[in-house]
Amino acid sequence: MSNNTDRIDDLTTRPVRLSELVNYQASTVVSREIIRKQTGTVTLFAFDQEQGLSEHTAPFDALVYIVDGEAEINIAGKKHSLKTGEMIIMPANKPHALKARQKFKMLLVMIKEK
């Protein structure tokens with residue numbers, strides 16, 4: 001997975017298009033952290049076709065919003081197909097995995113509990 005290193009300061013106080021903040025790269029997953037605070041993170045991802053994240057768990061609920069394309073998200077053994085403009089919440093401590101049936105971009109919002 002590669003990371004875009006532009007600073008968050010470059011994004012404040014001006015309108016931006018989420019879909020333009022991260023670019024697809026062949027055979028890989030690209031991520032760009034938009035916000036990182038003690039209370040959580042907001043990260044934008046671009047997955048090339050057939051790329052994904054293997055099954056794992058997270059200690060906090062995570063909201064996934066599909067910015068572009070189509071993703072398959074498996075949560076606790078149940079498959080969900082999401083398209084542009086759709087979102088899903090992945091519950092804390094439930095195993096989940098993501099796969100790009102076609103290339104897609106997603107915004108991941110993770111809020112931590114105190």
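Observations, loosely collected:
- The residue that is surrounded by the fewest Cβ atoms within 10 Å (Cβ to Cβ), among those in the range 37-48 that are farther than 13 Å from Leu98 by Cβ and touching a strand residue (DSSP E or B) at 6+ places or on another chain (Cβ under 8 Å), is Thr39.
- You will find that of Gly69, Gly40, Gly52, the residue that is in contact with a Lys or Arg (Cβ under 6 Å, 6 or more places away or on another chain), small (Gly, Ala, Ser) and at pLDDT below 95 is Gly40 and no other.
- Scanning the range 49-95 for residues that are hydroxyl-bearing (Ser, Thr, Tyr) and surrounded by 12 or more Cβ atoms within 10 Å (Cβ to Cβ) turns up Thr57, Tyr65, Thr84.
- When residues of the range 87-113 are limited to those that are outside any strand (DSSP E or B) and under 18 Å from Val42 (Cβ atoms), the one modelled with the highest pLDDT: Ala92
The values are calculated or read from the model by the stated rules, or taken from the named source; none is laboratory data. Note that the coordinates shown come from a computational prediction; the quantities given were computed from them, not determined experimentally. FYI the Cβ positions are ideal-geometry reconstructions off the backbone, even for glycines, and counts take in every protein chain you see.
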